[in-house]
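Contents: one structure, followed by commentary.
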Amino acid sequence: MTNKLATVFAVAFSIFQITLAQETELKNSVRISGTIENFELDSLTIGHRWDDQFVDKIAVDKKGNFEYALETSPEYFILFDGINMIELHLKNGDNLKLNYNANRSDWSIDIEGEGKERNDYLAEFQKLQDNFSFVDETLALSSKNFELKIELAEKRLNDKLNVVDQSDNLFITEQTERYQELLNSIKEEYAANEYIKANLAKGKPSPVFNNYENFSGGTSSLSDFKGKYVYIDFWATWCAPCIAEIPYLKKLEKEYHNKNIAFVSISIDEPRFKESVEEMVANKELPGVQLFAGNDRNFYNAYRVTAVPRYILIDPSGNIVGANVLPPSQIKLDALTGDL
């Protein structure tokens, strides 16, 4: 009897030790698992949000299931499936289960497990960013309806943030500042669009720029292009969406090379980065007329540019065709200019 009792105690103690070891391991690591529907690749990519010091692959089986573990101090990560970029805030002890549809047009994600509240908030923040991507429907809202939309978005964010563990005070502080910055930028963009509709409407004389440095030599002014349509691209070397449009701009410039239109790109990089701009112009063989604004922000401000890239189309008489037209990857020039 004594031997049996000793055996029972030994087994129970072993189970306790295993359980304790598993709990300790979980507290010292992050676990991520889940299922992705309509996923055609064999892996996800995970990396730090702001740098490439940590990048790794997460295997995904044929049913879309994945599981992953890592050790980290509180840190922001990006999970990338080739289409969607999912921001996560991870710290040791988190045990997240993520489920979503990679092809769902109305993107959303279901999150369960330890760490859910912080990452639910980030998913809501991402949805807000997508919802306020300055699509025509948002910019066309009356000021009253726009303010209502802002209020509802802020309430949703606050509701999500209020359920986050208050001990995560750094996360709460960072995200409070972040969503205020986002909402302020949304309001600025809406106000800029209202100004554009009132003061930079189609057919009105365009504001002008004078004597911008031309990387091909000398200087250029808007008046130099009178008699032609002018497709203007505000861009910067640090702007990833600007860089992503370069192949399309090259294609567009080539397609209309012998037509009555000039493609003018204006870098808004600070003067101290002029050499970097010049190098990018040369290395990427940027097309059309490449100009450097330097300290002159008059033209930029006249068009109420709040973010780059931004595209403008001016007619041969110097009048505005569009103060905020589509990028090279989407624009149909013939529909705006007629027969060039």
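The values are calculated or read from the model by the stated rules, or taken from the named source; none is laboratory data. Since this is a predicted model, take the numbers as computed values, not measurements. Here Cβ is always computed from backbone atoms with ideal geometry, including for glycine, and neighbour counts include all displayed protein chains. Only protein heavy atoms, including side chains, enter the accessible area calculation; ligands, DNA and RNA are left aside. Shrake-Rupley method; radii C 1.70, N 1.55, O 1.52, S 1.80 Å.
Only residues that are open to solvent by less than 50 Å² (accessible area, probe 1.4 Å) and either closer than 14 Å to Ser265 by Cβ or free of Cβ contacts under 8 Å to residues at least 60 places away in the same chain (or both): list them for region 218-227, please. Steps first, please.
Filtering region 218-227 for residues open to solvent by less than 50 Å² (accessible area, probe 1.4 Å) gives 220-222, 225, 227.
If the condition is that a residue be open to solvent by less than 50 Å² (accessible area, probe 1.4 Å) and either closer than 14 Å to Ser265 by Cβ or free of Cβ contacts under 8 Å to residues at least 60 places away in the same chain (or both), then Ser220, Ser221, Leu222, Phe225 are the ones that fit.
Please verify whether region 264-284 includes one or more residues that are among the polar types (S, T, N, Q) and in contact with a Pro (Cβ under 9 Å, 6 or more places away or on another chain).
Yes, some residue in region 264-284 is among the polar types (S, T, N, Q) and in contact with a Pro (Cβ under 9 Å, 6 or more places away or on another chain).
Please find, within region 41-84, the residue that is modelled with the highest pLDDT out of those that are surrounded by fewer than 13 Cβ atoms within 10 Å (Cβ to Cβ) and within 18 Å of Trp107 (Cβ to Cβ).
Leu41
Output the residues belonging to region 324-340 that are of a type in the set (Val, Ile, Thr) and either within 19 Å of the chain's Cα centre (by Cα) or within 19 Å of Lys197 (Cα to Cα) (or both).
Of everything in region 324-340, just one residue is of a type in the set (Val, Ile, Thr) and either within 19 Å of the chain's Cα centre (by Cα) or within 19 Å of Lys197 (Cα to Cα) (or both), namely Val325.
Can you confirm whether Asn103 is at pLDDT 95 or above, closer than 27 Å to Leu41 by Cα and not charged (D, E, K, R)?
Answer is no for this residue.
Out of the residues in region 312-340 that are among the hydrophobic types (A, V, I, L, M, F, W, C), farther than 20 Å from Ser267 by Cα and at pLDDT 95 or above, which is most open to solvent (accessible area, probe 1.4 Å)?
Val321
With the condition kept exactly as written, say whether any residue in region 281-299 is in a loop (DSSP other than H, G, I, E, B) and closer than 23 Å to Ala198 by Cβ.
So far as region 281-299 goes, yes, one or more of its residues are in a loop (DSSP other than H, G, I, E, B) and closer than 23 Å to Ala198 by Cβ.
Does Val230 qualify as being β-branched (Val, Ile, Thr) and either farther than 14 Å from Val281 by Cα or open to solvent by 20 Å² or more (accessible area, probe 1.4 Å) (or both)?
Taking the combined requirement at face value, the residue satisfies it.
Given the condition under 25 Å from the mean Cα position of the chain (by Cα) and outside any loop (DSSP other than H, G, I, E, B), answer yes or no: does some residue in region 195-211 qualify?
The initial filter retains those residues of region 195-211 that are under 25 Å from the mean Cα position of the chain (by Cα), namely 195-196.
From the residues that got through so far, the ones that are outside any loop (DSSP other than H, G, I, E, B) too are 195-196.
Scanning region 195-211 turns up at least one residue that is under 25 Å from the mean Cα position of the chain (by Cα) and outside any loop (DSSP other than H, G, I, E, B).
For Glu188, indicate whether it is open to solvent by 70 Å² or more (accessible area, probe 1.4 Å) and not in a strand (DSSP E or B).
yes
Restricting attention to region 291-311, which residues are β-branched (Val, Ile, Thr) and open to solvent by less than 20 Å² (accessible area, probe 1.4 Å)?
Val305
Considering only region 231-276, state which residues are closer than 12 Å to Gly288 by Cα, in a strand (DSSP E or B) and among the hydroxyl-bearing types (Ser, Thr, Tyr).
Answer for region 231-276, where residues must be closer than 12 Å to Gly288 by Cα, in a strand (DSSP E or B) and among the hydroxyl-bearing types (Ser, Thr, Tyr): Tyr231, Ser265.
I'm trying to understand the selection: among the residues of region 281-290, which are crowded, with 21+ Cβ neighbours inside 10 Å and more than 16 Å from Thr219 (Cα to Cα)?
Selection gives Leu286 alone.
May I ask you to list pairs of residues, at least six apart or on different chains, whose Cβ atoms are under 8 Å apart, with the first in region 29-45 being over 13 Å from Leu98 (Cα atoms) and touching a residue at least 24 places away in the same chain (Cβ under 8 Å) and the second being assigned to a strand (DSSP E or B) and acidic (Asp, Glu)?
Partner pairs satisfying both residue conditions: Thr45/Asp56.
Residue pairs, Cβ under 6 Å, 6 or more apart or interchain, first in region 76-96 and in contact (Cβ under 8 Å) with a residue 24 or more places away in the chain, second surrounded by 20 or more Cβ atoms within 10 Å (Cβ to Cβ) and small (Gly, Ala, Ser). List them.
Asp94/Gly115; Leu96/Gly115
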